[in-house]
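Asker: Structure provided below as structure tokens; questions to follow.
The values are calculated or read from the model by the stated rules, or taken from the named source; none is laboratory data. Here the structure is a predicted model, which means the values were calculated and not measured. Note: ideal-geometry Cβ built from the backbone for every residue, glycine included; neighbour counts use all protein chains shown. Calculation scope for accessible area: heavy atoms of the full protein, side chains included, ligands and nucleic acids excluded. Shrake-Rupley method; radii C 1.70, N 1.55, O 1.52, S 1.80 Å.
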Amino acid sequence: MRYVIDPPVQAAVPVAGTDAVFPVRRVYCVGRNYAAHAREMGHDPDREPPFFFMKPADALVVGGADMPYPVATADLHHEIEMVVALGKGGRDVPVESANGLIWGYGVGLDMTRRDIQGEAKKLGRPGTWAKVSTSRRRSPPCTRSPPPALIEDAAIWLEVNGVRRQASTLKALIWSVPETISYLSGLVELHPGDLIFTGTPEGVAAVGRGDVLHGHVDGLTDLEVRIV
């Protein structure tokens, strides 16, 4: 096969403790998957069906890298999340089989241009541009994807300049990781290389240039990003 232009560079994240990388196909994100966060955003946290949005794979910034403050916003918010990396795919995957698709886990930040998101909601428009930026102005940062056994009640937290902003446990997820994978596989066919951001706890807030964000999930490689 001969391409008429050079193919895009494969998006990837490094694997902790090795010189290998995990190739990224698609990035799926679950919205409002912690009850307290749903309340702080003005929504009912009852167990309604999960909803999803996507970010481009080339929007990933590897942990430890600087993240340029994106254009067209004055209200950039942090959202710490545990990220699932899939090593296998499937459709209509039963909940009890969903963990078998997982290759590893990581710590990620779903950075959101909240002012753009709010305006889109008021006008009844899609919120794509609140969540997506170009590869030159990248978001979200994502740390490495080691494959340890996941502890369901693992702590998750985010500090900004050394001050704790978000704190919860994975046990507080409205939809568990296997339930999320199963439900998503009923909407689209999942493939190896897909990442799933599993939702953020309460405490989301604005960040600015010069801020250092430190994210943690028990058992995983910590994430640190500086906004520049």
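Asker: Roughly what would the spin-label model give for T128 and D58, points 7 Å off Cα along C-beta, in nm?
Answerer: 1.6
Asker: Next up: Just the C-alpha atoms of the stretch 63-115: what Rg/Rh do they give, with Rh taken as the Kirkwood radius?
Answerer: 1.15
Asker: Okay, next question. Heavy atoms only, probe 1.4 Å: what % of the accessible area of the chain goes to carbon and sulfur, would you let me know?
Answerer: Details: 5820 of 10910 Å².
Using a 1.4 Å probe with all protein chains present, the chain comes out at 53 percent carbon and sulfur.
Asker: Where does the longest stretch of the chain lie that holds no trypsin sites (Lys or Arg not before Pro) found in a DSSP loop with 14 or fewer other Cβ atoms within 10 Å?
Answerer: On the way: sites that count: R2, R47, K88, R91, R136, R137, R209.
It works out to 138-208.
Asker: Any idea what the relative contact order of the chain is, in percent, if you count C-alpha pairs under 8 Å spaced at least 6 apart?
Answerer: Details: 558 pairs, mean separation 71.4, N = 228.
The normalised contact order for the chain reaches 31 percent.
Asker: If each residue of separation counts as 0.36 nm, what is the full-extension length gain between A206 and A20 once their alpha-carbon separation is subtracted? Could you put the intermediate results ahead of the total?
Answerer: On the way: separation 186, 0.36 × 186 = 66.96 nm, distance 3.40 nm.
Once the chain is fully extended between A206 and A20, it gains 63.6 nm.
Asker: Further, regarding this structure: Whole number in Å², please: accessible area per residue of the chain, 1.4 Å probe, ligands, DNA and RNA not counted.
Answerer: Working: 10910 Å² over 228 residues.
Here the residues of the chain average 48 Å² of exposed surface.
Asker: Shape of the stretch 1-102 from its Cα gyration tensor (a ≥ b ≥ c, root eigenvalues): rounded if a/c is under 1.5, otherwise prolate when a/b > b/c, or oblate?
Answerer: Because a/c hits 1.5 or more and a/b fails to exceed b/c, the stretch 1-102 counts as oblate.
Asker: While we're looking at this one, here's another question. List the lysines whose Cα sits under 21 Å from the Cα of K131, skipping any in the same chain fewer than 8 residues away.
Answerer: K55, K121, K122
Asker: How would the chain be classified by its alpha-carbon gyration tensor: rounded, prolate or oblate, with rounded meaning a/c under 1.5 and the a/b versus b/c comparison settling the rest?
Answerer: Note, shape of the chain comes out rounded.
Asker: What order, most packed first, do the peptides 18-24, 184-190 have when packing is the mean number of other Cβ atoms within 10 Å of each residue?
Answerer: Packing order, densest peptide first, comes out as 184-190, 18-24.
Asker: Follow-up. Calculated from DSSP H runs of 4 or more alone, at -39500 (n - 2.57) each and per residue, what is the 222 nm mean residue ellipticity of the chain, nearest 500?
Answerer: Per the formula, -3000 deg cm²/dmol.
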